[in-house]
Amino acid sequence: MSKKIKLFVLFLVIVVIIAAVGVYALKQAQEATNYTIVGFDYQRAYNDCDYLTSIGPRLAGTDNEYQGAMYIKNQFQEAGLSNVHLESFSALLYEVNSASVSLVPYGPLGNLPSRFEDPIQYAHTIDFVAQGYSGSYIWSDFNDDLEIVDVGDGKDDLLFEEAQGKAAIVSQDENAASNTELFFRAEDCGVAALILHNTRFTEKLGYIPISKSTGLPDDESSYPDIPFFMVSNDVGNELKESINSNYKLRVDFDVTVEERDLWVVVGDVLGSEKPNEYVMLGAHHDTVYNGPGAIDNTVGTVTVIELARQLAKYEPKRTIRLVTWGGEEEGLFGSIMYVEKHRDDILKNCKMYLNFDMNNVDLERGNSLPLSVSDNKSIDHMENIAGQLLNKYKELKKYNIQIEYNDLKSGGSDQLIFARNDIKAAACWGSGSWEYHTYLDNIDHVNAESISVGGRIFGSYALYLAEK
Ligand SMILES: [Zn+2]
């Protein structure tokens, strides 16, 4: 070897050694970081959950949502947060005032309801539920009863056209078009009522109906005034079997669609040195209309409330801002409008946003607790925090905490709008909630211990970020 090559090899060896020592030192330093693991009184969080679900569904823009928001505000105040307030945002929202669906037997000529057989009455929320922004249909007499037309998966325009002035039933399978697409196609074809036949979600619960939202396309200013609802698999089969027999569908829907206020609740653990800079922890407090939304998302809401109480005990350098959002279910309205209103400040001062949505683990159905994080440094810290937490509280080892990278710029929930503005974000999800968006999403399925796990990891990391 020439002297030059020897020197070069020596140089390389030195570089590698320095790099290895550097990586080792960094790892050591990280492992040595002593995080403050925040507490979490999950019995108290369960009590909050019990109260909030007792209000009933908290659909954005309804009195129930406001009542829920006031409860959260009061808890923030009692926890000793600063700057506690509600912010209101106006958005196009809906409320289902009443809804009934029945299958009416007709006489042999098919022109008059049978005098000998009673209509089959379906149960609202159990057998059928309205979809977001359903229109109204005020039934006055049997002339308003509708023939049913099976339009398959809803993709064939010709079939849809046959349903003009009638009730179209669409199979909700894996390839089904979105609610938005179907709703506006139905309007284009002059369909009188739009029915989704649930053949897809969720086998274990017998395919009960789910309430999903509907978007307003950019080129539209209002939703079709057509009743739009999903029926259970059984009811859908019954409706399809009734086609070509002497039956008609009787629908009576009273839905308000209008601009209303929704609410965002805000409170601060005020920073002692850099109060203008902040880390945010949040969850949506609104629910669908057809159930109390215990898992979606009362558990996230009570996680934020309990973290407010725990974090209020500290005096971090930076502010920790706790927030709950309304209008998530209709399309992230609360977080989108809040970020729009406070954009300059958020871009300048918000260090990270951490979100809780359905962060409950149903241990009878699995043990995974996924956390999605949009930057690798935060993943390392959270892994260390999770390690410390499980070391100290061995009973939590039954949860399989999965901390994974995700840019969070797509998918659901309120971290999305922060991630899209290039704010670091994280989302804590749970697992095993088959009751999602159904009338069965009630407190029976809440495992309060499980919500403490993600709560303590995110809460402790928020405190770390606010301190460092
Ligand atoms: Zn949710």
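From the list E315, E258, E306, which residue is more than 12 Å from the ligand (Cβ to nearest atom), assigned to a loop (DSSP other than H, G, I, E, B) and of a type in the set (D, E, K, R)? Write out each step before concluding.
Numbers: E258 fails: assigned to a loop (DSSP other than H, G, I, E, B); E306 fails: assigned to a loop (DSSP other than H, G, I, E, B).
The match here is E315.
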Hey, K204 hits all of (1) in a loop (DSSP other than H, G, I, E, B); (2) surrounded by fewer than 17 Cβ atoms within 10 Å (Cβ to Cβ) but one; which does it fall short on?
(1)
Any chance you could count how many residues in the stretch 118-152 are surrounded by 16 or more Cβ atoms within 10 Å (Cβ to Cβ) and over 24 Å from N246 (Cα atoms)?
9
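Among G334, G327, G236, which is the only one that is in contact with a strand residue (DSSP E or B) (Cβ under 8 Å, 6 or more places away or on another chain), at positive phi and either touching a residue at least 60 places away in the same chain (Cβ under 8 Å) or of a type outside the set (K, R) (or both)? Explain how you work it out, then say what you get.
Working: G334 fails: at positive phi; G236 fails: at positive phi.
Being in contact with a strand residue (DSSP E or B) (Cβ under 8 Å, 6 or more places away or on another chain), at positive phi and either touching a residue at least 60 places away in the same chain (Cβ under 8 Å) or of a type outside the set (K, R) (or both) holds for just one of G334, G327, G236, which is G327.
What is the residue count in the stretch 390-415 for residues that are farther than 15 Å from S378 by Cβ and surrounded by fewer than 22 Cβ atoms within 10 Å (Cβ to Cβ)?
Pass one, the stretch 390-415, residues farther than 15 Å from S378 by Cβ: 390-400, 409-414.
Subset that is surrounded by fewer than 22 Cβ atoms within 10 Å (Cβ to Cβ): 390-398, 400, 409-412.
Of the residues in that region, 14 qualify.
Output the residues belonging to the stretch 83-138 that are under 26 Å from the mean Cα position of the chain (by Cα) and at positive phi. Can you show your working first?
First, pick out the residues of the stretch 83-138 that are under 26 Å from the mean Cα position of the chain (by Cα): 84-99, 123-136.
Answer for the stretch 83-138, where residues must be under 26 Å from the mean Cα position of the chain (by Cα) and at positive phi: T125, Y133.
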Working carefully through the options N237, N290, N244, find the one that is of a type outside the set (S, T, Y) and within 16 Å of the ligand (Cβ to nearest atom).
N290
Among the residues that make up the stretch 409-420, is at least one of them away from the ligand (no atom under 16 Å from the Cβ), assigned by TED's automatic domain parsing to the domain that holds S88, outside any helix (DSSP H, G or I) and without any contact (Cβ under 8 Å) to a residue 60 or more places away in the chain?
yes
Considering every residue within the stretch 129-137, establish whether at least one is outside any loop (DSSP other than H, G, I, E, B), β-branched (V, I, T) and either without any contact (Cβ under 8 Å) to a residue 40 or more places away in the chain or touching a helix residue (DSSP H, G or I) at 6+ places or on another chain (Cβ under 8 Å) (or both).
no
In the stretch 339-356, anything touching a His at 6+ places or on another chain (Cβ under 9 Å) and either surrounded by fewer than 24 Cβ atoms within 10 Å (Cβ to Cβ) or assigned to a helix (DSSP H, G or I) (or both) is listed as C350
Restricting the first residue to the stretch 349-362 and requiring it to be under 16 Å from A462 (Cβ atoms), which pairs with a second residue that is among the acidic types (D, E) and more than 16 Å from the ligand (Cβ to nearest atom) meet a Cβ separation below 9 Å and a spacing of at least six or different chains?
N349/E277; C350/E277; K351/E277; M352/D375
Quick test for you: out of G282, G327, pick the one residue that is closer than 20 Å to T438 by Cα and within 16 Å of the ligand (Cβ to nearest atom).
G327
Suppose the filter is away from the ligand (no atom under 14 Å from the Cβ), in a helix (DSSP H, G or I) and not charged (D, E, K, R); does A426 pass it?
no
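So if I check each of L332, L371, L363, L347, which one is over 23 Å from the mean Cα position of the chain (by Cα) and either within 15 Å of the ligand (Cβ to nearest atom) or assigned by TED's automatic domain parsing to the domain that holds C49 (or both)? I'd like the intermediate steps shown before the answer.
On the way: L332 fails: over 23 Å from the mean Cα position of the chain (by Cα); L371 fails: over 23 Å from the mean Cα position of the chain (by Cα); L363 fails: over 23 Å from the mean Cα position of the chain (by Cα).
Just a single option satisfies the conditions, and that option is L347.
From the list V84, V104, V170, which residue is within 30 Å of Y338 (Cα to Cα) and of a type in the set (A, V, I, L, M)?
Values: V104 fails: within 30 Å of Y338 (Cα to Cα); V170 fails: within 30 Å of Y338 (Cα to Cα).
The unique qualifying residue is V84.
The values are calculated or read from the model by the stated rules, or taken from the named source; none is laboratory data. What you see is a predicted model; the values in this text were computed from it and never measured. Methodologically, a virtual Cβ is constructed for each residue, glycine included, from the backbone with ideal geometry; neighbour enumeration extends over all protein chains shown.
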